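The values are calculated or read from the model by the stated rules, or taken from the named source; none is laboratory data. On a predicted model such as this, the values are computed, not experimentally measured, just so you know. Every residue, glycine as well, gets a Cβ built from its backbone with ideal geometry; the counts of neighbours run over all protein chains shown. SASA here: full protein model, heavy atoms, side chains in, ligands and nucleic acids out. Shrake-Rupley method; radii C 1.70, N 1.55, O 1.52, S 1.80 Å.
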Amino acid sequence: QVQLVESGGGLVQAGGSLRLSCAASGRTFSNYGMGWFRQVPGKEREFVGVISWSGTTSYADSLKGRFTISRDNAKNTVYLQMNSLKPEDTAVYYCAADPRDGSRVPAAYIYWGQGTQVTVSS
């Protein structure tokens, strides 16, 4: 069992930055691929990015260059740095743990956090 808790969301003006954190507890965090997803009401959960257990990252094409994922296995934490934020980035952001190497597909993930709201004002 892995418990995930996101933090760092909030209200920010367009062009600003936020760093989300996802703290994990339970099973060995370093063995999991960790993904970030986001969701707005009425839409499907959208892939943001993923970091493998070894630190390899992959991002949604539309977010490359603005979003960066990193992990600190010693702290059992994964981060999502979001820069140059746009109003369309407004969503609930979720982190998730995959016992394999991480995936762009939500169904691959076993454990999910409760989400943190990010609101970008224009």
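Filtered by the rule that a residue be within 22 Å of Glu88 (Cα to Cα) and open to solvent by 30 Å² or more (accessible area, probe 1.4 Å), segment 19-44 gives Arg19, Gln39, Val40, Pro41, Gly42, Lys43, Glu44.
Comparison of Gly102, Gly65, Gly113 shows that the only residue that is open to solvent by 50 Å² or more (accessible area, probe 1.4 Å) and either of a type outside the set (Lys, Arg) or at pLDDT 95 or above (or both) is Gly65.
Residue by residue, here is whether (1) without any contact (Cβ under 8 Å) to a residue 12 or more places away in the chain; (2) assigned to a strand (DSSP E or B); (3) among the small types (Gly, Ala, Ser); (4) within 23 Å of Gln1 (Cα to Cα) holds:
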residue	(1), (2), (3), (4)
Gly16	no, no, yes, no
Arg19	no, yes, no, no
Ala23	no, yes, yes, yes
Val50	no, yes, no, yes
Ser84	no, no, yes, no
Gln117	no, yes, no, no
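If you go through segment 2-14 and keep only what is assigned to a strand (DSSP E or B) and either touching a Pro at 6+ places or on another chain (Cβ under 7 Å) or of a type in the set (D, E, K, R) (or both), you end up with just Glu6.
Considering segment 68-99, and only residues there that are open to solvent by 30 Å² or more (accessible area, probe 1.4 Å) and aromatic (Phe, Trp, Tyr), the residue that is farthest from Glu44 (Cα to Cα) turns out to be Tyr79.
Within segment 60-77, residues that are more than 15 Å from Gly8 (Cα to Cα) reach partners that are in a loop (DSSP other than H, G, I, E, B) and open to solvent by 50 Å² or more (accessible area, probe 1.4 Å) with beta carbons closer than 6 Å, at six or more positions or on different chains, in the pairs Arg66/Asn83; Arg66/Ser84.
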